[in-house]
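A short worksheet on the structure shown next.
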Amino acid sequence: MRAAADFVGPAAYSGPWTWLPYLLLLAVVGWYAWVLLGARGEVEPEEEFVSSRNPADSVRGRRLQELDRIDQYVRAGQLPLREGFQRLSATVRGFVGEVSDVPARTMTLEELRASPHPRVADAIAAMYPPEFAPGEASLDDFARSLQAARELVRTWT
């Protein structure tokens, strides 16, 4: 039984080392909670414009309000010009996708030109250069693109 007398049990760690793994685990869980729950931005409620005559009118009203917001942000300097063009394009594409069977959000410019709605391609084509070549567009270019987007949304049938 000599081996039993020489046996030494596991060493006990002192206070701080015992709590360190628990604190690290708590920190990781806290970080994930902060990223998943705390980093969400506030969502602006959209006002509903509803018409009983034409269901597309509610979509039209929302998209026109969205175009107005983009215009305000760009003119106030809260939104860079390039991002303004990108949002104009996304708004027009989203509108067309909602009120027709054309999947405009995922179509290239060439595919839009081949679609039965050439007006969409014309509006998007005006937004392409400033969208992908920053610094070459002016507020006048933005105003023209915004006017084309508004006209397309207003007159869509």
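The values are calculated or read from the model by the stated rules, or taken from the named source; none is laboratory data. Fair warning: this is a prediction, and the values are worked out from it, not measured in the lab. Quick reminder, even Gly has a Cβ in these numbers, built from the backbone with ideal geometry, and neighbours come from all protein chains shown.
Between a residue in region 86-111 that is in contact (Cβ under 8 Å) with a residue 60 or more places away in the chain and any residue that is among the hydrophobic types (A, V, I, L, M, F, W, C) and part of a loop (DSSP other than H, G, I, E, B), which pairs come within a Cβ distance under 7 Å, given they are 6 or more apart or on different chains?
If the second residue must be among the hydrophobic types (A, V, I, L, M, F, W, C) and part of a loop (DSSP other than H, G, I, E, B), the pairs left are V96/V102.
Here are R62, R113, R105, R82: which of them is of a type in the set (K, R) and within 18 Å of R154 (Cβ to Cβ)? I'd like the intermediate steps shown before the answer.
On the way: R113 fails: within 18 Å of R154 (Cβ to Cβ); R105 fails: within 18 Å of R154 (Cβ to Cβ); R82 fails: within 18 Å of R154 (Cβ to Cβ).
Exactly one residue qualifies, and that residue is R62.
Are any of the residues in region 106-119 within 21 Å of Q72 (Cβ to Cβ), out of contact with any His (no Cβ under 7 Å at 6 or more places or on another chain), surrounded by 17 or more Cβ atoms within 10 Å (Cβ to Cβ) and at pLDDT 85 or above? Quick ask: steps written out before the conclusion?
Our first condition is that a residue be within 21 Å of Q72 (Cβ to Cβ); within region 106-119, this holds for none.
Taking every residue of region 106-119 in turn, none turns out to be within 21 Å of Q72 (Cβ to Cβ), out of contact with any His (no Cβ under 7 Å at 6 or more places or on another chain), surrounded by 17 or more Cβ atoms within 10 Å (Cβ to Cβ) and at pLDDT 85 or above.
What's the total number of residues in region 113-157 that are free of Cβ contacts under 8 Å to residues at least 60 places away in the same chain and of a type in the set (F, W, Y)? First the steps, then the outcome.
Residues of region 113-157 that are free of Cβ contacts under 8 Å to residues at least 60 places away in the same chain, as a first pass: 113-138, 140-141, 143-144, 147-148, 151, 155, 157.
From the residues that got through so far, the ones that are of a type in the set (F, W, Y) too are 128, 132.
Adding up the residues that qualify gives 2.
Among the candidates P134, P130, which residue alone is outside any loop (DSSP other than H, G, I, E, B), closer than 22 Å to V74 by Cβ and at pLDDT below 85?
Working: P134 fails: outside any loop (DSSP other than H, G, I, E, B).
Every option except P130 fails the conditions.
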